[in-house]
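What follows is one structure encoded as structure tokens, with my remarks underneath.
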């Protein structure tokens, strides 16, 4: 909550690269961050009017611009909140379960959004139970369980597989 800017620090500032951090975030339950009467209006709430059409098209939601956000499917809501976060061009992007509710085509879109943010210089921090996608997308993995493991995906998932914790490894993972 502190990183997302939802809580103010009791002292000091949250910075990225020596400057105040601009943060984009996507909640696990996207309806918790949608308030406007239409999909398109969501962009005006965050002073993101410029380029709203481009982001809606990119998210595959242009034809739903006049629809109330809460009438969207969970996957559409998640894509909307990700588009809103990306439109801010944040230096820090926080994502809670970004891959939930997506078919294969839209999962590829969400992954492309995460990669796009990272390539433009954003630090991306995400929480996910979709281990296959995490293994393909993330450069570093933090596993929080009985033990805490941190490293490259091949290190963390390999370590988990060697320990016999296959339920915590992507389905395609082979221990080395």
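Structural remarks
- Gain on full stretching of the segment that runs from residue 66 to residue 120 - 0.36 nm per residue minus C-alpha separation: 16.4 nm
- Footprinting exposure proxy ranking of 91, 116, fewest other C-beta atoms within 10 angstrom first, gives 116, 91.
- DSSP-defined antiparallel bridges as percent of all bridges, the range 15-128, nearest 5: 20
- Virtual paramagnetic centre 7 Å along Cα→Cβ of residue 32, amide N under 18 Å, in the range 74-117: 74-85, 93-101
- Sorted peptide list for 97-103, 73-79, 138-144, 123-129, criterion being average Cβ within 10 angstrom, highest first: 73-79, 97-103, 123-129, 138-144
- Across the alpha-carbon set of the range 25-176, the Rg to Rh ratio works out to 1.03, Rh being the Kirkwood radius.
- Stretched out straight at 0.36 nm per residue, the stretch from residue 139 to residue 88 would grow longer than its current Cα-Cα span by 16.0 nm.
- Residues residue 127 and residue 54, FRET efficiency given R0 of 30 Å [Cβ-Cβ distance, rounded to 0.05]: 0.60
FYI, it's all coordinate maths here, none of it is from the lab. Treat the numbers as computed from the prediction; the structure is a model and nothing was measured. Cβ: placed from backbone, ideal geometry, glycine included. Neighbour counts: every protein chain shown.
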